[in-house]
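Structure first, commentary second.
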Ligand code: ADP
């Protein structure tokens, strides 16, 4: 459904994408993870035909991005910051503009606003929306033409945890209804919750990719068992036979409250691979 092969892109002779390759299958959620400035938005712009690139190949809907026509574009929904909202227009009128451009039946406007939980804000001016509602309006715009592919650039940045969860549910519902979703984030929890596959992008290079679980397993070198005792103390054991006996003894004596194995998460893997934090 989406394919990149050795994409290179420079701005003013500075190379910001240095040979990006990946494939995204139909119906999957793919997350591009990387800190600010890694090149995520640049890649979305290339894949959606908004930006030229110097080298490589980019395909969407089984076509080279450069060959997409008006009908193909109707199959693509984009949510990114620079596609702002018209402040003085109501939610419904914001969507009406796009319904007119894409020749979408007006009945879709209310349906789509309901889909993102904005049914009570149909006539509210965009300037009166909270940050979370504004994001939902931007999502509604991306969903309006029921696209096969959705590009969501940092869809939850700056939102409170409750609203983030709501947006996650909306994104997962879209996946259930068959959309393929490309999202960028620097939030590793979001990536673990939502994505079937992720690619870790640092300074224009994909440093690893795969399912979040597989990536974390690959970097699970320092296997440890963490025990919290009833007394309130914490103990750390190596993941081996010798520890098993000691842990058994603690268990027999009723001293253990919880046991966890410590596995890396995407944040610690990224740090190990790049020396940088995703939230940098
Ligand atoms: P991200 O979305 O991961 O934060 P971007 O794709 O926005 O990263 O930016 C990648 C790099 O390209 C950054 O160093 C940024 O400053 C630079 N960049 C982005 N857009 C432009 C532009 N129009 N002109 C020059 N440099 C740019």
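The values are calculated or read from the model by the stated rules, or taken from the named source; none is laboratory data. These numbers were taken from a predicted model, which means no experiment stands behind them. Every residue, glycine as well, gets a Cβ built from its backbone with ideal geometry; the counts of neighbours run over all protein chains shown.
Restricting 232, 178 to those that are out of contact with any strand residue (DSSP E or B) (no Cβ under 6 Å at 6 or more places or on another chain), away from the ligand (no atom under 16 Å from the Cβ) and more than 30 Å from residue 115 (Cβ to Cβ) reduces the list to 232. Note on the range 15-30: residues that are part of a loop (DSSP other than H, G, I, E, B) and crowded, with 17+ Cβ neighbours inside 10 Å total 1. Annotation for the range 3-14: no member residue is part of a loop (DSSP other than H, G, I, E, B) and either in contact with a strand residue (DSSP E or B) (Cβ under 8 Å, 6 or more places away or on another chain) or within 25 Å of residue 275 (Cβ to Cβ) (or both).
Only residues that are surrounded by fewer than 20 Cβ atoms within 10 Å (Cβ to Cβ) and part of a loop (DSSP other than H, G, I, E, B) were counted across the range 31-45, and they come to 3. Please verify whether residue 58 is without any contact (Cβ under 8 Å) to a residue 60 or more places away in the chain and not in a helix (DSSP H, G or I), treating the condition exactly as stated. Against the criterion (without any contact (Cβ under 8 Å) to a residue 60 or more places away in the chain and not in a helix (DSSP H, G or I)), residue 58 qualifies. Cβ separations smaller than 6 Å between residues 6+ apart or across chains give the following pairs from the range 25-42 residues that are touching a residue at least 40 places away in the same chain (Cβ under 8 Å) and within 12 Å of residue 153 (Cβ to Cβ) to residues that are more than 13 Å from the ligand (Cβ to nearest atom) and part of a strand (DSSP E or B): 31/198.
Please specify each residue of the range 28-54 satisfying the condition of being touching a helix residue (DSSP H, G or I) at 6+ places or on another chain (Cβ under 6 Å) and more than 7 Å from the ligand (Cβ to nearest atom). If you could, list the steps in order and put the result at the bottom.
Quick first cut of the range 28-54, residues touching a helix residue (DSSP H, G or I) at 6+ places or on another chain (Cβ under 6 Å) only: 29, 31-34, 49, 51, 53.
Result: 29, 31, 32, 33, 49, 51, 53.
Taking the conditions exactly as written (over 21 Å from residue 25 (Cβ atoms), without any contact (Cβ under 8 Å) to a residue 24 or more places away in the chain and touching a helix residue (DSSP H, G or I) at 6+ places or on another chain (Cβ under 9 Å)), does residue 270 satisfy them or not? Answer is no for this residue.
Is it true that residue 156 is crowded, with 22+ Cβ neighbours inside 10 Å and assigned to a loop (DSSP other than H, G, I, E, B)? Spell out how you get there, then give the answer.
Values: crowded, with 22+ Cβ neighbours inside 10 Å: yes; assigned to a loop (DSSP other than H, G, I, E, B): yes.
Spelling it out, residue 156 is indeed crowded, with 22+ Cβ neighbours inside 10 Å and assigned to a loop (DSSP other than H, G, I, E, B).
The residue list 163, 184 contains one member that is in contact with a helix residue (DSSP H, G or I) (Cβ under 6 Å, 6 or more places away or on another chain) and part of a strand (DSSP E or B), which is 184. Evaluating residue 149 against the criteria (1) touching a helix residue (DSSP H, G or I) at 6+ places or on another chain (Cβ under 8 Å); (2) within 20 Å of residue 71 (Cα to Cα) leaves one unmet condition, (1). Only a single item in (1) away from the ligand (no atom under 16 Å from the Cβ); (2) closer than 29 Å to residue 277 by Cα; (3) assigned to a helix (DSSP H, G or I) is not met by residue 66, and it is number (2).
Pairs linking a residue in the range 1-18 that is in contact (Cβ under 8 Å) with a residue 60 or more places away in the chain and within 13 Å of residue 205 (Cα to Cα) to a residue that is in a strand (DSSP E or B) and more than 10 Å from the ligand (Cβ to nearest atom), with Cβ atoms under 7 Å and 6 or more positions apart or on different chains, are 15/8; 17/7; 17/8; 18/8; 18/205.
Kindly indicate whether residue 202 is within 14 Å of the ligand (Cβ to nearest atom) and modelled with pLDDT under 90.
no
Residues of the range 201-223 that are touching a residue at least 60 places away in the same chain (Cβ under 8 Å) and in a strand (DSSP E or B): 201, 202, 205, 206, 207, 208, 209.
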